[in-house]
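Have a look at the structure below, then the notes.
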Amino acid sequence: MAHPGLKDGPIYLDYNATTPVDPGVVDAMLPYLSTYFGNPSSAHAYAQVTRMAMATAREQVALLLGCIPEEIVFTSCGSESNALAIRGAALANRFHGNHIITQVTEHPAVINVCKSLARLHGFRITYLPVDKYGRIDPAELEAAIDEQTTLISIMYANNETGTIQPIAELADIARRHRVLLHTDASQAVGKVPVDIESLGVDFLTLTGHKLYAPKGIGALYVRRGLQLEPLLYGGGQESGVRAGTENVAFMVALGAAASQAREKLPSSKARLQQLRDRLQQKLEQRLPHATHLNGHPSDRLPNTLNISIDGVLGEEVLEATPGIASSTGSACHEGNTEPSAVLTAMGLSRERALGALRLTLGRWTTEKEVDAAAEQVAQSVQVLWSKRDS
């Protein structure tokens, strides 16, 4: 059954940017917008209903990640979760040292927090390079650790290429050196199995709107016993880590989305991978010898295809193809297009990086849509080629 928001528009291939809210998630949250309004911090019956709903949502998120409910902190978004983990851990543990390690291809929600810690608090930041697939070398991580290192932050899967990092191996290195490790798993949770105990991480970020929940809700896993300096000070909600009267309806939504993801994950992963590979094959057939995969060929998200096409700009291909809704990794500032920093960090030429398309699939993507999208992109590219040749 089609999602109501996708019925009349272009083919949606931008699920890594945001996901439509699942109708079942909407149904779960609506009573907490219309009927159950109590402040969970109060002591009366109205509060008991919302307090129980929060507890259920926390348990649902914990079950998806394989941790205990008390280790889940609700936030407003993935960016807040990242900031709480990185800034919170750095400041709470700065008596141990002032060195943080991350990578050059991190999301700005990580990079900019690190930069602020360097600017405002004198932290040293090491930015690890990546290989041609966008992965860091565990040996380089270990070599970068020194006696002042307190925190490592490496994303689970890249939002542009889908490349998955060897997080369990990196966490083992961190643990041996008694360094905390945070991973931004916003793009990974719900697409691939994410099990806290198998990973061995200390902090993990997830984001509601990448998981078929609304924008404006996220969560942070915090290993039991670890200390964080809060971003928000106030009434002591979320075990004193994140103040503010709780957004119960959106917490319920995230819990429902987590429960759905846990149920659907095995079949969804296989289906999306099959569709992703079909899309790549169709493009390669229609544009032979002109398409190039960006990212790891196998260790990447099952829904993510980042591909460069020779002789065109990704931006102009999308402009010429109004029948699909997708994105590139390029940034346009005052008419000047700059290539994706992620792709250039992987060693791609400026031309190839500017020719990239990020095509990301999701719960409502169909085989028919994949075939149609490949055909439309190929037709647009061929028209652009012919214009340049004439």
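The values are calculated or read from the model by the stated rules, or taken from the named source; none is laboratory data. Bear in mind the structure is a predicted one, so any value in this text is a computation, not a measurement. FYI the Cβ positions are ideal-geometry reconstructions off the backbone, even for glycines, and counts take in every protein chain you see.
On the basis of being in contact (Cβ under 8 Å) with a residue 60 or more places away in the chain and surrounded by fewer than 24 Cβ atoms within 10 Å (Cβ to Cβ), does residue 237 make the cut? In short, yes.
Could you check region 1-29 and list, in sequence order, the residues that are among the aliphatic types (A, V, I, L, M) and in contact (Cβ under 8 Å) with a residue 24 or more places away in the chain? Can you show your working first?
Our first condition is that a residue be among the aliphatic types (A, V, I, L, M); within region 1-29, this holds for 1-2, 6, 11, 13, 17, 21, 25-26, 28-29.
Matches in region 1-29: 2, 6, 11, 13, 17, 21, 25, 26, 28, 29.
Within region 59-68, not a single residue is outside any loop (DSSP other than H, G, I, E, B), in contact with a Cys (Cβ under 6 Å, 6 or more places away or on another chain) and under 20 Å from residue 154 (Cα atoms).
Between 329, 335, 255, the distinction of being under 20 Å from residue 210 (Cα atoms) and modelled with pLDDT under 95 belongs to 329 only. Name the residue, out of 174, 139, 243, 143, that is assigned to a loop (DSSP other than H, G, I, E, B) and either outside the structural domain of residue 91 (by TED's automatic domain parsing) or among the hydrophobic types (A, V, I, L, M, F, W, C) (or both). Among 174, 139, 243, 143, only 243 is assigned to a loop (DSSP other than H, G, I, E, B) and either outside the structural domain of residue 91 (by TED's automatic domain parsing) or among the hydrophobic types (A, V, I, L, M, F, W, C) (or both).
Only one entry in 254, 283 is out of contact with any Cys (no Cβ under 8 Å at 6 or more places or on another chain), more than 30 Å from residue 24 (Cβ to Cβ) and touching a residue at least 24 places away in the same chain (Cβ under 8 Å), namely 283.
When residues in region 108-123 are screened for being surrounded by fewer than 21 Cβ atoms within 10 Å (Cβ to Cβ) and either part of a loop (DSSP other than H, G, I, E, B) or more than 25 Å from the chain's Cα centre (by Cα) (or both), 4 of them pass.
If the requirement is being within 16 Å of residue 378 (Cα to Cα), without any contact (Cβ under 8 Å) to a residue 24 or more places away in the chain, of a type in the set (Asp, Glu) and in the same structural domain as residue 374 (by TED's automatic domain parsing), which of these qualifies: 319, 315?
Exactly one residue qualifies, and that residue is 319.
The single residue among 342, 312 that is out of contact with any Leu (no Cβ under 7 Å at 6 or more places or on another chain) and either among the hydrophobic types (A, V, I, L, M, F, W, C) or farther than 20 Å from residue 188 by Cα (or both) turns out to be 342.
Within region 133-145, is there a residue that is in contact with a Ser or Thr (Cβ under 8 Å, 6 or more places away or on another chain) and surrounded by 23 or more Cβ atoms within 10 Å (Cβ to Cβ)? Yes, because at least one residue in region 133-145 is in contact with a Ser or Thr (Cβ under 8 Å, 6 or more places away or on another chain) and surrounded by 23 or more Cβ atoms within 10 Å (Cβ to Cβ).
For region 177-219, the set of residues classified as among the aliphatic types (A, V, I, L, M) and either without any contact (Cβ under 8 Å) to a residue 24 or more places away in the chain or not in a loop (DSSP other than H, G, I, E, B) (or both) consists of 180, 181, 189, 192, 196, 199, 204, 206, 219, listed by residue number.
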